[in-house]
Structures are given as structure tokens and as C-alpha cells.
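Visitor: Got a structure for you, written out below as C-alpha cells; questions coming shortly.
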Amino acid sequence: MSSGMPEREFLPYGRQSVDDDDIQAVVNILRSDWLTTGPTIGCFEHAVASFVGGGQAVAVSSGTAALHAAMYSIDIGPGDEVIVPSMTFVGTANAVVYQRGTPVFVDVREADLLIDPVLIEEKISSRTKAIIAVDYAGQPCDYATLREITDKYGLFLIADACHSLGATYKGNRSGSLADLTIFSFHPVKPITSGEGGMVVTNNPDWIEKIRQFRNHGITTSHQQRSRQATWCYEMTDLGYNYRLTDIQAALGLSQLKKLSKRIFQRQEIAAHYDRLLQAVSEVKPLTTGLDISHGYHLYVIKVSSRGQVFKALRNDGIGCNVHYYPVHLQPYYRRKFGTRAGECPVAENAYEQILSLPIFPGMVDTDIEKVVFALSQCV
Ligand SMILES: *Cc1c(COP(=O)(O)O)cnc(C)c1O
């Protein structure tokens with residue numbers, strides 16, 4: 001290092017783990033005949049569907065594309081309302097808008113920042129078609145209560161499980177808890193394919209619709225046409241190019257083999273934080289429900305002096321982050337949908353206090369101790 005300054009390791013809040021097997025899997029595809037729409041896509045889809053125990057899967061180019069495809073498959077259109085928690089990534093609500101639907105924001109519970117079932121019924125109207133549950137931080141929502149509500153009003157239950165692949169609720173894996181489940185394979189998520197996403201459902205009609213949707217709305221795939229020795233194809237509805245490549249699928253498939261181990265590592269890191277943070281009374285971790293195996297995509301704490309703590313940790317080389325600025329407060333939603341401060345007071349108040357601490361497989365005990373020590377000095 002020319003500056004003569006000691007290099008200080010920056011500890012990020014999340015980081016992917018890619019090993020030699022993952023790299024070899026990608027290289028094998030690069031040497032093969034199929035870079036996209038090849039056989040590895042189906043292998044990845046089968047592997048994820050069988051891992052979660054939730055029917056069939058369709059791989060797409062991102063978690064956002066998966067959300068969009070889910071909204072398309074249940075025919076969300078102009079005038080339709082979809083219930084969305086405000087404490088989520090903007091992509092959850094945007095998918096409703098892509099289909100010209102209206103997201104209706106519902107507040108979350110203070111202790112775990114999951115959608116509050118008690119507040120849902122007052123937001124249901126004759127135009128409500130679905131509820132999107134977001135498994136914030138990797139903890140599955142209260143699906144039993146959500147299912148009672150969707151049954152009572154005849155709504156679809158969609159799980160935005162971008163954080164919770166590998167987590168369980170009452171012994172059942174995320175991916176088997178809703179009518180349609182969405183996963184993301186962005187590098188900070190539980191497993192990665194670079195970019196990528198998947199929809200999982202038991203409904204074969206939706207599977208077929210989403211397969212066409214990811215390929216411009218065309219009814220036959222390139223492979224089907226070549227098997228049938230025909231050049232004909234029909235575009236029956238407007239779709240997109242939301243395909244995943246085989247290069248990405250090979251990486252995802254290889255990563256999936258290590259998911260259970262990685263979730264276990266995340267749980268150990270979280271347990272270590274929990275133990276050490278008991279001594280720092282100003283810091284309050286979120287709670288975990290009974291009957292939950294938490295995926296710990298994020299480890300979120302609340303501190304009253306969040307702004308100052310964020311800066312102090314950053315100065316100590318500790319990457320922390322804030323998930324999320326409530327979506328109903330985003331300028332776009334205020335402008336287009338007239339949403340306002342005060343509509344989701346729990347999310348708004350939590351936003352002032354939350355901080356996501358570093359958590360990723362490969363973090364070592366001294367990293368955790370360093371974070372907690374730095375916290376204890378600045379709260
Ligand atoms: C990451 C994420 C998405 C979007 O996934 P991409 O693959 O980045 O498009 C949607 N919802 C939630 C809750 C997410 O965390």
C-alpha cells in the first residue's frame with residue numbers, strides 16, 4: 001500500500017459466499033451448448049420447489065420480475081387493490097403498479113415489523129384481490145391468521161419471501177405457506193444467482209401463465225418448437241423477457257446445496273448477537289415468534305439514537321444499513337397515490353430507530369464482538 005496507512009477491513013452488512021464448486025458449476029455451463037433456456041433452468045426450478053415443498057416453480061430474471069409475474073398470474077389489473085405492508089422494499093408495491101393495480105399499505109407490528117393482521121380487515125374493500133405478506137428480515141409472517149383473513153374474504157395470499165428462503169413456520173418451509181411465493185437471488189439474499197428470482201405455487205395454471213409471461217407471452221418455447229420441427233409460435237398475451245440464464249441457474253443450483261448450512265450459520269451469528277446485546281440495554285433486537293425458524297437475512301435492532309449510531313459504526317468500518325424507509329412515504333407513492341405520513345405510524349416510528357447489523361455466513365466471532373463493542377460505545 002503506497003499511502004503507508006494500514007488497510008482497515010470494512011465489515012459489510014451482507015456479503016455473498018461463492019466457493020469453488022459454485023465457480024466450477026458456472027464454468028461448466030460456459031463450456032456447454034446452452035447459455036440460456038437450457039436444461040439447467042428446469043433443474044434449478046425442480047430443486048427449489050422440492051426444497052421448499054411447495055409444488056412447482058418458474059425461474060425468472062429477478063425477485064421483482066417474480067413479483068410482477070405473480071401479480072399477472074392472479075390477473076391484477078386497473079382498479080384492483082392489493083394489500084402490502086409499508087415496511088418493505090419498494091419492489092413489493094411496484095409490482096402491483098406494473099399491472100396498474102393499487103397497493104394499499106398496512107402497518108406492521110412493533111416487535112417484529114411483520115404485517116399486522118389485526119389492521120388488515122379495515123383496509124379490505126370490494127376491490128381487494130390479494131395480500132402480499134413480506135417475511136421481513138427472514139422471519140415468516142403469521143400465515144395462519146393471514147390465511148383465515150384471505151379465506152374469509154376470498155383473497156389470494158402471496159408471500160414475498162425474498163428474505164426467508166430456508167426459514168420455517170410451524171415446521172413448514174417458506175415457499176409452502178401461501179398461494180404463490182416469490183424468492184430473489186440477488187447477492188445479499190440467502191442464496192444468489194447474481195440476479196434472479198423464482199415463483200413457487202401449487203397451481204399448474206399459474207405456472208403455465210408465468211412461463212409464457214417470462215417469454216414475451218409466447219405459448220411455445222424454443223425447445224418445444226425444435227422438438228415439433230416447427231417455426232410457428234403464437235403470442236397470446238403481452239409478456240416480457242424475464243428469462244434467467246443457465247449461467248445464473250447453475251450458480252443458484254450450486255448455492256442451494258449449501259443453503260441449510262448457511263441458514264444455520266446465520267442463526268448462530270444471530271444467537272451470538274442476542275447474547276452479547278443483553279448487556280447493552282439501549283439496544284433492542286426485534287423479536288422472533290414461537291414455531292419459527294428464522295432465516296436471518298437481516299439482523300435488525302432498534303436504538304433511539306439511530307442516526308448517530310449509524311455514523312459511529314460506519315466510522316469504525318462497520319457497514320450497517322436501514323431496511324426500510326416506509327414505502328408509503330416514498331415521493332412516488334405520495335404523488336401518485338396520495339399516501340401520507342401518519343398512515344402507518346408503527347412503521348414510521350420504527351424507521352427512526354432501526355438498524356441492520358452485519359450478518360452473513362463467514363462472519364467470525366471477533367467480527368460480532370467488534371460490532372457489539374462499537375455499539376456499546378456509541379449508544
Ligand atoms: C430483494 C427484494 C425484492 C426484489 O428482488 P430483486 O431480485 O432485487 O428484484 C423484493 N422484495 C423484497 C422484500 C426484497 O428484499
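Visitor: Sequence gap at least 6, Cα distance under 8 Å: using those rules, report the relative contact order of the chain to the nearest whole percent. It would help to have the intermediate numbers written out before the result.
Guide: Working: 790 pairs, mean separation 86.1, N = 379.
Once divided by the residue count of the chain, the mean separation gives 23 percent.
Visitor: Hey, what's the chain come to in accessible area per residue, 1.4 Å probe, Å²? Each step should come with its number before you reach the end.
Guide: Details: 17000 Å² over 379 residues.
With the other protein chains kept in place, the chain gives 45 Å² per residue.
Visitor: If I compute solvent accessible area with a 1.4 Å probe over the protein chains, what percent of it on region 177-298 is carbon and sulfur?
Guide: Details: 3110 of 5960 Å².
The computed percentage sits at 52.
Visitor: Run the helix sum for the chain: -39,500 (n - 2.57) per DSSP H stretch of 4+ residues, divided by residue count, reported at 222 nm to the nearest 500 deg cm²/dmol.
Guide: Details: 13 runs with 140 residues, N = 379.
Using -39500 (n - 2.57) per qualifying helix, the result is -11000 deg cm²/dmol.
Visitor: Sticking with this one: Hey, for a label at Thr145 modelled as a point 7 Å past Cα toward Cβ, could you say which residues of region 73-103 have their backbone N under 12 Å away?
Guide: It comes to no residues whatsoever.
Visitor: Ignoring any ligand, DNA or RNA, what whole percent of the accessible area of region 1-86 comes from carbon and sulfur when the probe is 1.4 angstrom? List each step's numbers first, then the result.
Guide: Details: 2280 of 4270 Å².
After summing per-atom areas, the C and S share lands at 53 percent.
Visitor: Can I ask one more? Taking a ≥ b ≥ c as the square roots of the eigenvalues of the Cα gyration tensor of the chain, is the shape rounded (a/c under 1.5), prolate (a/b larger than b/c) or oblate?
Guide: Numbers: a/c = 1.94, a/b = 1.25, b/c = 1.56.
Oblate is the answer for the chain, as a/c is 1.5 or above yet b/c matches or exceeds a/b.
Visitor: Sorting check: for 370-378, 339-347, which peptide has the highest mean count of neighbouring beta carbons within 10 Å, and how do the rest follow?
Guide: Values: 370-378: 18.3, 339-347: 16.6.
Ranked by mean Cβ neighbours within 10 Å, highest first: 370-378, 339-347.
Visitor: Using just the alpha carbons, could you tell me how many Å³ per residue the convex hull of region 261-314 encloses? Working shown, then result.
Guide: Working: hull volume 5.2 nm³, N = 54.
Per residue, the Cα convex hull of region 261-314 comes to 96 Å³.
Visitor: Let a ≥ b ≥ c be the square roots of the eigenvalues of the Cα gyration tensor of region 309-350; is it rounded (a/c under 1.5), or, if not, prolate (a/b larger than b/c) or oblate? Numbers along the way, then the final one.
Guide: Numbers: a/c = 4.47, a/b = 2.50, b/c = 1.79.
In terms of gyration-tensor shape, prolate.
Visitor: If contacts are Cα pairs under 8 angstrom and at least 6 residues apart, what is the relative contact order of region 227-379 in percent?
Guide: Numbers: 139 pairs, mean separation 44.2, N = 153.
Over region 227-379, the number comes to 29 percent.
Visitor: May I ask you to derive the FRET efficiency for Gln223 and Leu30 from their Cβ-Cβ distance with R0 = 25 Å, giving the value to the nearest 0.05? Mind showing how you got there, number by number?
Guide: Working: r = 20 Å, r/R0 = 0.80.
With R0 = 25 Å, the Cβ-Cβ based efficiency is 0.80.
Visitor: Where the centroid of each part is defined by its Cα atoms, how far is region 120-175 from region 177-210 in Å?
Guide: Between the Cα centres of region 120-175 and region 177-210 lies a distance of 15 Å.
Visitor: Ordered by packing density, taken as the mean number of other Cβ atoms within 10 Å over each peptide's residues, highest first, how do 291-301, 251-261, 22-32, 310-320 rank? Intermediate values should be presented prior to the final figure.
Guide: Details: 291-301: 23.8, 251-261: 19.3, 22-32: 14.5, 310-320: 16.4.
In descending order of packing, they fall as 291-301, 251-261, 310-320, 22-32.
Visitor: Provide the FRET efficiency to the nearest 0.05 for the Asp365-Ser50 pair, computing r from the beta carbons and using R0 = 30 Å.
Guide: Numbers: r = 34 Å, r/R0 = 1.15.
After rounding to 0.05, the efficiency reads 0.30.
Visitor: In addition: Given an 8 Å cut-off on Cα distances and at least 6 residues of separation, report the relative contact order of region 92-232 as a percent. Show your work: numbers first, answer last.
Guide: Working: 191 pairs, mean separation 18.6, N = 141.
Averaging sequence separation for qualifying contacts and normalising by length gives 13 percent for region 92-232.
Visitor: Something else: What is the diffusion coefficient of region 137-293 in µm²/s, taking the Kirkwood radius over Cα pairs and the Stokes-Einstein relation at 37 °C with a viscosity of 0.692 mPa s? Show your work: numbers first, answer last.
Guide: Details: Rh = 18.3 Å.
Approximately 179 µm²/s, per Stokes-Einstein.
Visitor: Same structure again: Between Thr37 and Ser17, what FRET efficiency comes out of the Förster formula 1/(1 + (r/R0)^6) with R0 = 25 Å and r the beta carbon distance, rounded to 0.05? Numbers along the way, then the final one.
Guide: Details: r = 28 Å, r/R0 = 1.11.
Rounded to the nearest 0.05, the efficiency is 0.35.
Visitor: Mind giving me the nanometre distance, one decimal, between the label points for Ser260 and Glu234, set 7 Å out from Cα along Cα→Cβ?
Guide: 4.4
Visitor: Moving on. Within 10 Å, count the other beta carbons around each residue, average over each peptide in 136-147, 36-47, 178-189, 225-236, and list them highest first. Working shown, then result.
Guide: Values: 136-147: 22.9, 36-47: 18.3, 178-189: 25.3, 225-236: 10.2.
For the peptides 136-147, 36-47, 178-189, 225-236, the packing ranking is 178-189, 136-147, 36-47, 225-236.
The values are calculated or read from the model by the stated rules, or taken from the named source; none is laboratory data. Here the structure is a predicted model, which is why all the values come from computation and not from measurement. Glycine gets a Cβ as well: all are built from the backbone with ideal geometry, and neighbour counts include every protein chain shown. SASA here: full protein model, heavy atoms, side chains in, ligands and nucleic acids out. Shrake-Rupley method; radii C 1.70, N 1.55, O 1.52, S 1.80 Å.
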